[in-house]
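Scroll down for the structure; my scribbles are underneath it.
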Amino acid sequence: MNIRLRHLLLCGLLALPGLLPAWAQPAQPLQLVDSRGEVDAWPAVTMLSDPSGLWQVEDAEARRAQLAAPAGARANLGVRSDAVWLHVPLQVSTGGRGRWLLDIDYPSLDRIEVYQMTEGRLLQFARVGDDLPFRLRTMQVRTHVVALELQPGLRHELWLRVQTTSSMVLPISLMTAERYQQREAQVQLLQGVIAGIGLCLLIYSIAQWLSLRDRTFVHYALAVAGATVFFFGYYGLGPQHLWGGSMWLTANLPPLSALVGLVGALLFLERSLSVARHNPRLALAMRGAALLAGGAAVAFTAGLVDYRAAHLAATVLGPSPIVLGLPAALVRLRGGDRAALYVLIGWGLYGVGIVVMVALLRGHVAANWWTQHAFEFGMLAEMVMWQRVLAVRQEQSRHAAAQADREREAMRSLAHTDPLTGLPNRRGLQLELADALLRAGGERLLGVFLLDLDGFKAVNDRFGHDAGDELLKQAAQRLRAPLRHRDVVARLGGDEFVVMATDLPGDEEARRLGHKLLDAFSRSFVVRGEPCRVGLTVGYALAPLDGHDADSLLKRADAAMYAGKQAGKHTLRRGQASVGLVAT
């Protein structure tokens, strides 16, 4: 019995280390081998919380026994108000150079203090973070980097004190200088390409607004500008290349630009999906969310709210374009709107990105290359889809404009066209005459022929009005047949027609054309299977010989035609201005 009890106690003691909490198990030193080039430090990290924010490195060392492995997502402590001490034991491989770069690839961290301890002695202290002017940083690069000299064969420790108003995302690694330069070249190229795409989209949208004066392009420009500036600041390229001398921009531009981008996105979607026309309440909600984002941006800029409040507003309002716009997009999609389809595709990609981004900022997912870039790629994909939305809207606008032009042309045609024969009516003739008179003169005379049918009333009375209408249509076709393509036939009303002939060299050509018109009526017409004869009496005037305006020309042609009627019909006469009427 005693032997069995001793055996159980021995097994319990052997199993006890596996039951102890994580803080009771010391982290294994991080093995630094030059050939690897880059080593992830997080597996070796243990931490202490400093709620007071007043501890010195000696205070942290005194609490070494309380060090615990970070809980939660890898390399991500989320939003914290306390200061955090991180401990990383190091061991350099034998024969290694010992020259390593400590890199924390999250530029939005405010203050990081780095203490390098070797054999229990403090050998190096460095401070980095975006609350330090860019020109004072130990290395003027986009991330937080400290150069370390680690002698092989000795025991090294790093103590890092981190305090920030942003999310405490901590992708910590140690790299050789060559590996760091290689990675940065890739990052700079990628971010440069994405920033270039954003700049091109911004210039395009502004140019389109200046051309079309459509506010949709202004809203799109706001969304693009906000997203582009946000990512340029978020990844540290803004301080490195653009505004390194401005501490305020370095510290505050990411949440500010995110809020501005939200204003543009909400207003763009509300307008491009025509939400106000289909759901006024939803449109009001989208405008209200845009007002909240804009108000938060203004209050943050004016110093009325702090960074944490602006950060919270940006993360809370971030999903609002999808949440509020989704019902409108689904309704428009069911109605066959192609723009809504592109919006939904963009949202699918953007939604994944923003969910990952919010989860990253709140500390719910691990910090790695994919989670840190998911929102950027999602936003870029959404912007490209929104370009398709703008293209569809432009196509629809052009179609609507063309339809409006066709309707205006149809209305104009109705106003200037005789509905029975399809010829210009009196108004249409006036427009044609006004244009032709501007070109008349010299050897380019304008002939105005007024024609009246002889015997039309008898046909109309005998066969009825429908037969009379049919005869008028046939008469219009016969008048058109002997004319040139540039000459015009118009119907004034009843059985009166006008022929306008341009570019006549003289009166002889005008008389020749008049006789062609008379000859066109020498043959019988067939109306409802019955032959009938209708003659023609023509009076004409020439511009500028017989008049300089449409009214005087028509009056003289009418007088000549009336004189021809009195003289026996089926005649051609000219109404001259100087010598009266001449029969031919």
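Quick check on Ala265: is it crowded, with 23+ Cβ neighbours inside 10 Å and part of a helix (DSSP H, G or I)? Here the answer is yes, as Ala265 does meet what is asked. The sole residue among Gly196, Gly244 that is within 19 Å of Pro107 (Cα to Cα) and surrounded by fewer than 23 Cβ atoms within 10 Å (Cβ to Cβ) is Gly244. Scan the range 123-137 for residues that are more than 25 Å from Leu154 (Cα to Cα) and exposed (fewer than 15 other Cβ atoms within 10 Å of the Cβ) and the total you get is 3.
Among all residues of the range 8-28, there is none that is at pLDDT 55 or above and in a helix (DSSP H, G or I). Scanning the range 378-413 for residues that are among the acidic types (Asp, Glu) and surrounded by 12 or more Cβ atoms within 10 Å (Cβ to Cβ) yields a count of 2. A search for C-beta distances below 7 Å between a residue of the range 555-577 that is within 14 Å of Asp454 (Cα to Cα) and touching a residue at least 12 places away in the same chain (Cβ under 8 Å) and any residue that is buried (at least 17 other Cβ atoms within 10 Å of the Cβ) and among the hydroxyl-bearing types (Ser, Thr, Tyr), counting only pairs 6+ apart in sequence or on different chains, returns Met561/Thr537; Gly564/Thr537; Gly564/Thr571; Lys565/Thr537; Lys569/Thr537; His570/Thr537; Thr571/Thr537. Only one of the numbered conditions (1) modelled with pLDDT of 85 or more; (2) more than 26 Å from Gln387 (Cα to Cα) is not met by Val260, and that is (2). Residue check: Val316 meets all listed conditions (1) free of Cβ contacts under 8 Å to residues at least 24 places away in the same chain; (2) within 19 Å of Met379 (Cα to Cα); (3) under 22 Å from the mean Cα position of the chain (by Cα) but one, namely (3).
Pairs meeting the criteria (first residue in the range 523-539 and touching a residue at least 40 places away in the same chain (Cβ under 8 Å), second residue hydroxyl-bearing (Ser, Thr, Tyr), beta carbons under 6 Å, at least 6 apart or on different chains) are Arg533/Ser524; Thr537/Thr571. Looking at the range 353-384, which of its residues are polar (S, T, N, Q) and under 18 Å from Pro319 (Cβ atoms)? Scanning the range 353-384 gives a single hit, Thr371. Could you say which residue among Gly378, Gly428, Gly363 is modelled with pLDDT of 85 or more and within 30 Å of Thr216 (Cα to Cα)? Among Gly378, Gly428, Gly363, only Gly378 is modelled with pLDDT of 85 or more and within 30 Å of Thr216 (Cα to Cα).
Being of a type outside the set (Val, Ile, Thr) and part of a helix (DSSP H, G or I): is that true of Leu304 here? Taking the combined requirement at face value, the residue does not satisfy it.
Please determine whether any residue of the range 54-63 is touching a residue at least 24 places away in the same chain (Cβ under 8 Å) and either in a loop (DSSP other than H, G, I, E, B) or in contact with a helix residue (DSSP H, G or I) (Cβ under 7 Å, 6 or more places away or on another chain) (or both).
Initial filter on the range 54-63 (touching a residue at least 24 places away in the same chain (Cβ under 8 Å)): 55, 57, 60-61.
Add one more test, that the residue is either in a loop (DSSP other than H, G, I, E, B) or in contact with a helix residue (DSSP H, G or I) (Cβ under 7 Å, 6 or more places away or on another chain) (or both), and what stays is 55.
Yes, some residue in the range 54-63 is touching a residue at least 24 places away in the same chain (Cβ under 8 Å) and either in a loop (DSSP other than H, G, I, E, B) or in contact with a helix residue (DSSP H, G or I) (Cβ under 7 Å, 6 or more places away or on another chain) (or both).
Of the strands (runs of 3 or more DSSP E) lying entirely inside the range 414-533, those containing at least 2 residues that are surrounded by 14 or more Cβ atoms within 10 Å (Cβ to Cβ) are 445-454, 488-493, 496-504, 525-527.
Considering each residue of the range 368-387, count those that are β-branched (Val, Ile, Thr) and not in a helix (DSSP H, G or I), and give that number. So that I can check it myself, show each step before the final result.
Initially, the range 368-387 is screened for residues β-branched (Val, Ile, Thr), giving 371, 384.
This time we only want the ones that are not in a helix (DSSP H, G or I), so: none.
Result for the range 368-387: 0.
Only residues that are among the hydroxyl-bearing types (Ser, Thr, Tyr), part of a loop (DSSP other than H, G, I, E, B) and surrounded by fewer than 20 Cβ atoms within 10 Å (Cβ to Cβ) were counted in the range 83-122, giving 2. The residue list Val146, Val187 contains one member that is touching a residue at least 24 places away in the same chain (Cβ under 8 Å), assigned to a strand (DSSP E or B) and surrounded by 15 or more Cβ atoms within 10 Å (Cβ to Cβ), which is Val146. State yes or no: is Gly238 assigned to a loop (DSSP other than H, G, I, E, B), of a type in the set (Gly, Ala, Ser), under 21 Å from Val145 (Cα atoms) and over 22 Å from the mean Cα position of the chain (by Cα)? So Gly238 does not fit the description; no. Residue-level analysis places Val384 among those that are in contact with a helix residue (DSSP H, G or I) (Cβ under 9 Å, 6 or more places away or on another chain) and either modelled with pLDDT of 80 or more or of a type outside the set (Val, Ile, Thr) (or both).
The values are calculated or read from the model by the stated rules, or taken from the named source; none is laboratory data. All of these numbers come straight from a predicted model, not from anything done at the bench. All Cβ positions, glycine included, derive from the backbone under ideal geometry; neighbour counts span all protein chains shown.
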